[in-house]
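Remarks on the structure that follows.
The values are calculated or read from the model by the stated rules, or taken from the named source; none is laboratory data. Keep in mind the model is a prediction, meaning the values are calculated, not measured. All Cβ positions, glycine included, derive from the backbone under ideal geometry; neighbour counts span all protein chains shown. Just so you know, the surface numbers come from the protein's heavy atoms only, side chains and all, with ligands and any DNA or RNA stripped out. Shrake-Rupley method; radii C 1.70, N 1.55, O 1.52, S 1.80 Å.
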Amino acid sequence: MSLTRRTVLGSTALLSFGLLAGCVGNGGSDDGATTDDEQTDTPTDDPTTDEPTDTTDDLPDGNGTDDGTGGTRPSGGPGISLVSVDDAPDVPVEHEVEITEDLATDEHPPQVRITLTNTGDETVEVGEGRTVFFQYVSDATNDLIFLPADGEYPAEAGCWRLEDHIAVTEEYRILSLEPGESRSELVDLYGVAQSEGDEASCLPVGEFRFEADFATGGLSGSDGERQEATWGFSLTLE
C-alpha cells in the first residue's frame, strides 16, 4: 500500500511523542536522587564546613570584664570598684566618693573624685585640708596610696607603683566652706614604694580600706566647737 501524506504525518507525530516521552522519563528517579550530569556549583550551607564562625560581633567592645554593676569594663587593668562607703559622721560636712577612672592604663592610673560639702547653715572650717580629700592617704595595709591627680611622681606608666617614697610637708591646712558649698579634688591611686630587696607587683589585687581622720570647727581660733571624725570607703582591684 502506498503511503499517503496523512499516513506520513501520523507516523511522524507518533515518533515525536515517543522521543518526548523518553526525555521526560529520564528527568530523575522517584527517590529524588540527582544524576552527576545535573549537579551544579550552587553553594550550600554545610554545617560540617571547616571554616570558623565569626563571633566577634557577639563580644562586648574590647572583650572586657564585668565591672560589678552589670556593665562591661574594657580590657586592661587592674580596675577598681567600690565595695562599701561609710555613712556620714555626726559633723556639719559630708563626703562623697566617685570613680572617675576605673582602669589602670598606660595613660593614667585608677582615679576617684572626693567631694566635701558643708551641710550646715553656718560657715565651717575643716582640717586637715589635704587629708579630707584623701591626698597622701594610704590604705590600712600600706599597699596603696592616693596622690593629687595634678602631680608627677616616680612611677612607670602602666605599672603605677612608686619607685620612691613621697615626701609630704608637715603642715596643717584649713579649709573653709560656706553653707551648702561643695569642693572636689581628684586623686590617683598608686602602689606604695617598696623597701629595697622587696619584690612587689605593679598594683596589687584584692580589697583595700581607706580612712581619713579630720576635724571641723574651732581650727583657726574661731569660737566654733571643734569636732573630730573619721570617714572612709573600701574598694577592690581586680
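Filtering the range 157-197 to residues that are without any contact (Cβ under 8 Å) to a residue 40 or more places away in the chain and surrounded by fewer than 12 Cβ atoms within 10 Å (Cβ to Cβ) leaves D164, A167, V168, T169, E170, E171, S195, E196, G197.
Screening Y136 with (1) touching an Asp or Glu at 6+ places or on another chain (Cβ under 9 Å); (2) without any contact (Cβ under 8 Å) to a residue 40 or more places away in the chain gives one miss only, at (1). Would you pick out the residues in the range 136-156 that are open to solvent by less than 60 Å² (accessible area, probe 1.4 Å) and under 24 Å from the mean Cα position of the chain (by Cα)? Within the range 136-156, D139, D143, L144, I145, F146, L147, P148, A149, A155 meet the criteria.
Among what's in the range 85-124 and is farther than 30 Å from Y153 by Cα and among the polar types (S, T, N, Q), pick the residue that is least open to solvent (accessible area, probe 1.4 Å).
Going residue by residue through the range 85-124, those that are farther than 30 Å from Y153 by Cα are 87-93, 118-124.
Going one step further and asking which of them are among the polar types (S, T, N, Q), we end up with 118-119, 123.
Numbers: N118: 3, T119: 73, T123: 75 Å².
For the range 85-124, the residue satisfying everything is N118.
So, in the range 86-133, of the ones that are charged (D, E, K, R) and not in a loop (DSSP other than H, G, I, E, B), which residue ends up farthest from G217 (Cα to Cα)? Explain how you work it out, then say what you get.
Within the range 86-133, the subset charged (D, E, K, R) is 86-87, 90, 94, 96, 98, 101-102, 106-107, 113, 121-122, 125, 128, 130.
Subsequent filtering for residues that are not in a loop (DSSP other than H, G, I, E, B) retains 94, 96, 98, 101, 113, 125.
On the way: E94: 14, E96: 20, E98: 26, E101: 33, R113: 24, E125: 5 Å.
Per the criteria, the residue is E101.
Residue count for the range 142-167, restricted to those that are among the β-branched types (V, I, T) and at pLDDT 95 or above: 1. Scanning the range 206-224 for residues that are among the hydrophobic types (A, V, I, L, M, F, W, C) and at pLDDT below 95 turns up just one, L219.
Taking the conditions (1) more than 23 Å from G206 (Cβ to Cβ); (2) among the β-branched types (V, I, T); (3) out of contact with any helix residue (DSSP H, G or I) (no Cβ under 7 Å at 6 or more places or on another chain) in turn, I166 satisfies each one other than (1).
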